[in-house]
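Peer 1: Structure provided below as structure tokens; questions to follow.
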Amino acid sequence: MNPETASHLGQISAAAGMGLSVVGLGVGVGLIFASFIQGIARQPELEGKLMTWTLVGAAIVEGIAIFAAIMCFLAIHG
């Protein structure tokens with residue numbers, strides 16, 4: 001491995017981590033809303049409660065993904 005590549009491995013891995021956090025966000029939010037739709041299909045009367053917990057879950061997943069993206073950005077530029 002040449003020295004130029006070795007000096008940028010931290011930045012490369014941080015960029016890969018940022019990409020993986022975005023992919024994880026997409027999968028997580030997709031699974032949450034798929035479960036929400038299935039829950040409404042089974043018990044339509046629980047739509048209000050399910051919507052509340054769906055939004056809480058989506059907010060938690062997005063918060064974790066944003067935190068991971070910020071940490072990767074700081075690793076690249078820090």
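Peer 1: Return the calculated 222 nm mean residue ellipticity for the chain, to the nearest 500 deg cm²/dmol, obtained by summing -39500 (n - 2.57) across DSSP H runs with n ≥ 4 and dividing by the residue count.
Peer 2: Value at 222 nm, helices only: -31500 deg cm²/dmol.
Peer 1: Determine the share of segment 17-78's accessible area contributed by carbon and sulfur atoms, expressed in whole percent, with a 1.4 angstrom probe.
Peer 2: Details: 3320 of 4370 Å².
Within segment 17-78, the accessible surface is 76 percent carbon and sulfur.
Peer 1: To test your reading of the geometry: what angle, between 0 and 90 degrees and rounded to tens, separates the Cα axis of helix 47-77 from the longest principal axis of the chain?
Peer 2: Roughly 0 degrees, rounded to the nearest 10.
Peer 1: Report the accessible area of Met51, computed with a 1.4 Å probe over the heavy atoms of all protein chains in place, in Å² rounded to the nearest 10.
Peer 2: The accessible area of Met51 comes to roughly 70 Å².
Peer 1: On to the next question. With the crude spin-label approximation of a point 7 Å out along Cα→Cβ, what separation in nm comes out for Val27 versus Ala41?
Peer 2: My value for the distance between the label points is 2.2 nm.
Peer 1: Right, another one. Mind ranking His8, His77 by accessible surface for me, highest first, 1.4 Å probe? Kindly include the intermediate steps, with their values, before the conclusion.
Peer 2: Values: His8 85, His77 130 Å².
The ranking, largest first, comes out as His77, His8.
Peer 1: In nm, to one decimal, how far is the Thr52 label point from the Ser7 one, both placed 7 Å along Cα→Cβ?
Peer 2: A separation of 5.7 nm, rounded to one decimal place.
Peer 1: Further question: Given a 1.4 Å probe and heavy atoms of the protein chains only, how would you sort Ile40, Ile12, largest accessible area at the top?
Peer 2: Numbers: Ile40 40, Ile12 95 Å².
Final ranking, largest accessible area leading: Ile12, Ile40.
Peer 1: Can you give me the accessible area per residue for the chain, using a 1.4 Å probe, in Å²? Please report the intermediate quantities before stating the final value.
Peer 2: On the way: 5630 Å² over 78 residues.
Accessible surface, normalised per residue, equals 72 Å².
Peer 1: Report, in degrees rounded to the nearest 10, the 0 to 90 angle that the Cα long axis of helix 9-42 makes with the longest principal axis of the chain.
Peer 2: Orientation of helix 9-42: about 10 degrees from the principal axis.
The values are calculated or read from the model by the stated rules, or taken from the named source; none is laboratory data. It should be emphasised that the depicted structure is a prediction, and the values quoted were computed from it without experimental measurement. Reconstructed Cβ throughout: ideal geometry from the backbone, glycine too, with neighbour counts over all protein chains shown. Only protein heavy atoms, including side chains, enter the accessible area calculation; ligands, DNA and RNA are left aside. Shrake-Rupley method; radii C 1.70, N 1.55, O 1.52, S 1.80 Å.
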